[in-house]
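Enquirer: One structure follows; several queries about it will come next.
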Amino acid sequence: MNVSRIALVTGANQGLGRALVEGLAARMGPDDLVLLTGRDRRRVADAAREVTLLPGTRARVEGRVLDVTDTDAIARLAEDMRVRHAGVDIVLSNAVARLLPEESQSARADEFIDVSNTATHAILRRFGPVLRPGGRLLVVASSLGTLGRLDPRLHHLFDGASLDQVEAAVEAWRDAVHAGTAEEAGWPRWLNVPSKVAQVAAVRALAAERRERDLATDTLIAAVCPGMVDTATSRPWFSDFSQARSPADAASAVLDVVLATPVDPALYGGLIRFGKALDWYGGTPLVEQDRLLTP
């Protein structure tokens, strides 16, 4: 198959991921290929078919089954992209585990961390090497991913850390959650905060290794915050959705960054929100009662 550009989106059956696929399919060309991935074969096939039939779809859309908690599957897909297509042009790591406020954070910790963090590490490690020059590798995070959101006692674990060190910090946090010692060590009870900080730290770690050569080839590695998005995953957590964006609107802003050229060096390796990089050291730790009010 002759393909001009290849894009891949994880967690793409619904919500923001589905909207990212729809936006890419509309804004890329007829010779381009967009891979819609998810873990349920039927839902993936149905979603890919529906996007293909949408008015305005230009690129080819294909479904791929990918459970992001299976790091071997991530490795196999990246290798397949290398062998069949000599790489990939756009990778949007978007998968997230749905968690409800009434559920036990500690009981769901393994699934949440596996989807949001272990998978992010695997995608960065496996797809970074097969990203074509001029490519885009973005991890969907949130404004909660700045270092200032964590207790200062934890900053040294992520500031200037390598990817190996970020992975070790995440596993230490996981162990502390299971041991019941996380809060006394400074970890917030709400899993989303350290998870997002770790995602951004992982992106920063890979970007630090590649910055010079990536900017020379107009390649972007970054994290991105889409803002508050009205989806089934986010709706249970926020009390006011008056300022929330639809998945389509949020996806459009993300794709403006993805498809912009040349790469703005100020955005490389950063956490991008509405076209600007957030201060890595910004933000303040959230108290438990604020979590339902913060986008």
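The values are calculated or read from the model by the stated rules, or taken from the named source; none is laboratory data. All figures in this text were calculated on a predicted structure; none of them were measured in a lab. Reconstructed Cβ throughout: ideal geometry from the backbone, glycine too, with neighbour counts over all protein chains shown.
Enquirer: Would you be able to say whether some residue in the stretch 172-186 is buried (at least 16 other Cβ atoms within 10 Å of the Cβ), touching a strand residue (DSSP E or B) at 6+ places or on another chain (Cβ under 6 Å), more than 22 Å from Leu16 (Cβ to Cβ) and basic (Lys, Arg)?
Expert: For the stretch 172-186, residues buried (at least 16 other Cβ atoms within 10 Å of the Cβ), touching a strand residue (DSSP E or B) at 6+ places or on another chain (Cβ under 6 Å), more than 22 Å from Leu16 (Cβ to Cβ) and basic (Lys, Arg): absent.
Enquirer: Which residues, taken from the stretch 106-118, are under 11 Å from Ser195 (Cβ atoms) and either touching a strand residue (DSSP E or B) at 6+ places or on another chain (Cβ under 8 Å) or not β-branched (Val, Ile, Thr) (or both)? Before the answer, list the steps.
Expert: To start, the set of residues in the stretch 106-118 that are under 11 Å from Ser195 (Cβ atoms) comprises 109, 112-118.
Passing the criteria: Ala109, Phe112, Asp114, Ser116, Asn117.
Enquirer: Restricting to the stretch 98-118, and then to whatever is more than 19 Å from Gly11 (Cα to Cα) and at pLDDT 75 or above, can you tell me which residue is surrounded by the fewest Cβ atoms within 10 Å (Cβ to Cβ)?
Expert: First, the residues of the stretch 98-118 that are more than 19 Å from Gly11 (Cα to Cα): 101-107.
If we keep only those that are at pLDDT 75 or above as well, we get 104-107.
On the way: Ser104: 8, Gln105: 16, Ser106: 14, Ala107: 10.
So the residue we want is Ser104.
Enquirer: Could you grab the pairs with beta carbons closer than 7 Å, sequence gap of 6+ or different chains, first residue in the stretch 273-286 and over 22 Å from Asp256 (Cβ atoms), second one basic (Lys, Arg)?
Expert: Gly283/Arg149; Pro285/Arg149; Leu286/Arg149
Rundown of residues vs (1) surrounded by fewer than 21 Cβ atoms within 10 Å (Cβ to Cβ); (2) part of a helix (DSSP H, G or I); (3) basic (Lys, Arg), yes/no style:
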| position | (1), (2), (3) |
| --- | --- |
| Ala26 | yes, yes, no |
| Gly29 | yes, no, no |
| Val44 | no, yes, no |
| Arg49 | yes, yes, yes |
| Thr57 | yes, no, no |
| Val61 | no, no, no |
| Arg64 | yes, no, yes |
| Asp67 | yes, no, no |
| Met81 | no, yes, no |
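Enquirer: Please determine, by comparing only the residues of the stretch 12-24 that are modelled with pLDDT under 95 and not in a helix (DSSP H, G or I), which one is nearest to Thr69 (Cα to Cα).
Expert: Going through the qualifying residues, I end up with Asn13.
Enquirer: Looking only at the stretch 276-291, count how many residues are out of contact with any strand residue (DSSP E or B) (no Cβ under 8 Å at 6 or more places or on another chain) and either at pLDDT 95 or above or crowded, with 19+ Cβ neighbours inside 10 Å (or both).
Expert: 5
Enquirer: Please count how many residues of the stretch 116-146 are farther than 14 Å from Ala202 by Cβ and not in a loop (DSSP other than H, G, I, E, B).
Expert: 8
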